[in-house]
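Structure first, commentary second.
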Amino acid sequence: MPDLFDWIQSHPQLTSIALGVSILLLLGSILLSPFLAALIPQDYFSNSERPTLHPGNPLIQVLRGLIKNLLGLLLLIMGLVMLVTPGQGLITIFVALMALDYPGKYRLERWLIAKPAIYKSINWLRQRVGAAPLILDSR
């Protein structure tokens with residue numbers, strides 16, 4: 001740990017930039033959260049199988065998936081770096097895991113949204129921008 005503090009003290013400009021980016025990401029996430037929560041279709045979690053959000057041209061779907069997964073991978077790397085530097089590491093890793101496609105992701109999303117505190121929080125964010133509450137299945 002002393003090595004980390006020595007590095008921070010020897011790189012004040014880089015540390016200041018990292019701190020500034022961290023603050024911007026924090027403010028951006030606070031401001032954008034209600035709008036992002038409102039983008040989730042109201043019935044997205046009501047099916048046992050993951051719904052297709054944007055049916056259409058297969059080439060566009062592949063390109064969209066590639067871009068989304070590259071962005072998710074970048075966020076995951078940034079989140080891991082922010083675990084040891086100033087920043088919102090855990091939040092960034094969580095966002096990356098929600099952006100990436102991997103086996104069992106939809107089941108994980110449904111498990112998380114079924115937690116009363118998370119469900120209530122997401123619906124509160126949606127309400128702030130006038131979106132209807134999410135519908136969960138009656139598993």
Original post:
Only one of 112, 97 is touching a helix residue (DSSP H, G or I) at 6+ places or on another chain (Cβ under 6 Å) and either of a type outside the set (Lys, Arg) or part of a helix (DSSP H, G or I) (or both); which?
Top reply: 112
**OP:** Out of 52, 85, 92, 15, report the one residue that is surrounded by 15 or more Cβ atoms within 10 Å (Cβ to Cβ), outside any helix (DSSP H, G or I) and at pLDDT below 85.
**Re:** 85
Original post:
Is at least one residue of segment 29-44 at pLDDT below 80, under 30 Å from residue 7 (Cα atoms) and not hydrophobic (A, V, I, L, M, F, W, C)?
Top reply: yes
**OP:** Working only within segment 35-49, note down all residues that are surrounded by fewer than 11 Cβ atoms within 10 Å (Cβ to Cβ) and either assigned to a helix (DSSP H, G or I) or of a type outside the set (Asp, Glu) (or both).
**Re:** 48
Subject >> Failed item, numbered, when residue 32 is tested on (1) under 22 Å from residue 126 (Cβ atoms); (2) in a loop (DSSP other than H, G, I, E, B) >> reply: (2)
Subject >> Boolean, residue 66 is at pLDDT 90 or above and in a helix (DSSP H, G or I) >> reply: yes
**OP:** Looking only at segment 95-120, count how many residues are loosely packed, with under 13 Cβ neighbours inside 10 Å and of a type in the set (Gly, Ala, Ser).
**Re:** 2
Subject >> Out of 24, 71, 59, sole residue that is at pLDDT below 85, assigned to a helix (DSSP H, G or I) and not basic (Lys, Arg) >> reply: 24
Subject >> Filter result (modelled with pLDDT under 90 and either surrounded by 12 or more Cβ atoms within 10 Å (Cβ to Cβ) or outside any loop (DSSP other than H, G, I, E, B) (or both)) within segment 129-139 >> reply: 136
Original post:
Of the residues that make up segment 115-136, is at least one in contact with a Gly (Cβ under 9 Å, 6 or more places away or on another chain) and closer than 30 Å to residue 18 by Cβ?
Top reply: no
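The values are calculated or read from the model by the stated rules, or taken from the named source; none is laboratory data. This structure is a prediction, so every number in the text was calculated from the model and none was measured. Please note: Cβ atoms are built from the backbone with ideal geometry, for glycine as well, and neighbour counts cover all protein chains shown.
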